[in-house]
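This report refers to the structure that appears directly beneath it.
The values are calculated or read from the model by the stated rules, or taken from the named source; none is laboratory data. As the structure is a computational prediction, the values presented were derived from the model and not from experiment. Please note: Cβ atoms are built from the backbone with ideal geometry, for glycine as well, and neighbour counts cover all protein chains shown.
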Amino acid sequence: MNTVLQKLLATGITIAGGMVGSQLVTTGWRLATGHEAPRDATDDELPLVEALSFAFISAGISALIKVAGQRGAGTAMRRFEAKTAKSIDNEV
């Protein structure tokens, strides 16, 4: 049960983090380059270096968010289990 709950929690954190991360990357790209983030990597007018740079940055941020979400969910579950175990011990 806890494994399922932990996976659901990690998924929720990752989805929410992905939304925030997407906005972060888009805003950061606009501030760093002065123009909008690439939307279509198949656009022939988009320089290859720019498309690859955006892809690498986006993938890196996505990976960081996924790892942080999974670790955060694991930490939250351990704290919840410890708190639950204490309350059960106090009732016995």
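Any residue at all in the range 49-56 that's under 29 Å from Q6 (Cα atoms), in contact (Cβ under 8 Å) with a residue 24 or more places away in the chain and not β-branched (V, I, T)? No, there is no match, as no residue in the range 49-56 is under 29 Å from Q6 (Cα atoms), in contact (Cβ under 8 Å) with a residue 24 or more places away in the chain and not β-branched (V, I, T). Scanning the range 2-23 for any residue that is in a loop (DSSP other than H, G, I, E, B) and at pLDDT 85 or above turns up nothing. Could you go through the range 41-51 and let me know if any residue there is hydroxyl-bearing (S, T, Y) and part of a helix (DSSP H, G or I). No: the range 41-51 contains no residue that is hydroxyl-bearing (S, T, Y) and part of a helix (DSSP H, G or I). If you go through the range 24-40 and keep only what is outside any helix (DSSP H, G or I), within 19 Å of A59 (Cβ to Cβ) and not charged (D, E, K, R), you end up with A37, P38.
Among the conditions (1) modelled with pLDDT under 85; (2) in a helix (DSSP H, G or I); (3) more than 12 Å from the chain's Cα centre (by Cα), G69 misses just one, which is (3). Within the range 51-67, the set of residues being of a type outside the set (A, V, I, L, M) and touching a helix residue (DSSP H, G or I) at 6+ places or on another chain (Cβ under 8 Å) comprises F54, S58, S62, K66.
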